[in-house]
Amino acid sequence: MTIEKEPVLDDVLLKPLVEDALAEDLGRRGDVTSQATIPADMQAQLQIKARQSGVICGMDLARLSFALVDANIEFVAQVQDGETVAAGAVLATVKGNARHLLTAERTALNFMTHLSGIATATRQIVDSVAQYPAQITCTRKTIPGLRIVQKYAVRCGGGRNHRLGLDDAILIKDNHIAIAGDIKTAIEQAQNFAGHLIPIEVEVDTLEQLEQALEAGVSLVLLDNMSPEILSQAVAMCKGRAKTEASGGITPETVRAAASTGVDFIAMGYLTHSTTALDIGLDFSA
């Protein structure tokens, strides 16, 4: 499967994240270990290396981590976000003041290991369902403050993004329905509220709810916590009437069963809240 390279995020979006991370790490006294053990004018060269195979993400965050500590540090990238690398691959070379290199090290690696883990897991899941039409999407189950880069990592792995925030679209969920009174009322009120540019999706738990949603004229339904057998029936009901999205605790072990039902999309909170970091390190080279 060919994965198109995802355009990088602008530095203006990334810089505040890196500044906050560096400020948290530096605290009130800065990097006292490097100050205590390394001469102030010593120079060094190090390499960022992948210790596991996987899909890389977070190169610009790493670059900014070094640049914000010391603008004179030379950062030479060997790969781009979205590329698959083997264990041992050199991802970038950094050269400059040794103290400053080590001060930025952990912030750079924290971003890269976390986001590369998301991208790698996404790619594995996308590949596992490649024979089916379903597209893999993430959710809003993200770490506060990191949503934009976590969702970027999903795209780097070949997945798609669900809502970036509450203002993207109307998604009527079970509590909205319960408070509104019933599914028909909730949909009608949403349709009256939405302009022509606001899409409406409705979450349903049963085939009875699904039929009510379809009769109300929604074009996208979220099929929540349904077994593969019920999902298949739901997809059949929606043919020519609405797009379908499966959700609800879907994991790498269960995603193929969901995809085999013919759903259009599969929403997986797993991608941003349960993936494992990719092992990436910074090694002294000269």
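Observations on the model:
- Unit charges at the beta carbon, dipole of the chain: most positive-side option, Ile56, Gly158, Gly217: Ile56
- Value of relative contact order over the range 92-219, rounded to a whole percent, pairs C-alpha under 8 Å and six or more apart: 19
- Cα centroid of the range 239-254 to Cα centroid of the range 23-45, whole Å: 49
- Projecting the Cα atoms of Thr122, Leu207, Phe193 onto the dipole axis of the chain, where Lys and Arg carry +1 and Asp and Glu carry -1 at the beta carbon, places Thr122 farthest toward the positive end.
- FRET efficiency for the pair Val8 and Asn192, taken as 1/(1 + (r/R0)^6) with r the Cβ-Cβ distance and R0 = 45 Å, rounds to 0.65.
- Among residues other than Asp174 with Cβ under 9 Å from its Cβ, the summed charge is -2 (Lys and Arg +1, Asp and Glu -1).
- Rounded to the nearest 20 debye, dipole of the range 133-286 from Cβ charges on Lys, Arg, Asp, Glu: 480
- Sites Ser128 and His273 - FRET efficiency at Förster radius 22 Å, r taken between beta-carbons, to 0.05: 0.70
- Dipole of the range 224-270, positive direction: furthest Cα of Val255, Ala234, Ile266, with charges on the beta-carbon: Ala234
- Options (1) 0.94; (2) 1.08; (3) 0.99 - which one matches Rg/Rh (Cα atoms, Kirkwood Rh) as calculated here: (2)
- Between the range 192-237 and the range 106-151, the C-alpha centres lie 26 angstrom from each other.
- When only Cα pairs below 8 angstrom with a gap of at least 6 residues are kept, the chain shows a relative contact order of 22 percent.
- Taking 0.36 nm per residue of separation and subtracting the Cα-Cα distance, full extension of the segment from Asp168 to Asp283 would add 37.2 nm.
- Bridges between two residues of the chain, per DSSP, are antiparallel at a rate of about 50%.
- Radius 10 Å from Cβ of Ala246, net charge of other residues (Lys, Arg +1; Asp, Glu -1): -3
- Global geometry of the range 1-84, whether rounded, prolate or oblate, following the gyration tensor of its Cα atoms and the 1.5 cut on a/c: prolate
- Based on C-alpha pairs under 8 angstrom that are at least 6 apart in sequence, the range 1-134 has a relative contact order of 32 percent.
Every read-out reported here was derived from the displayed coordinates using simple, explicitly stated rules and does not represent laboratory data. On a predicted model such as this, the values are computed, not experimentally measured, just so you know. Note that each Cβ is placed from the backbone with ideal geometry, even for glycine, and that neighbours are counted across all protein chains shown.
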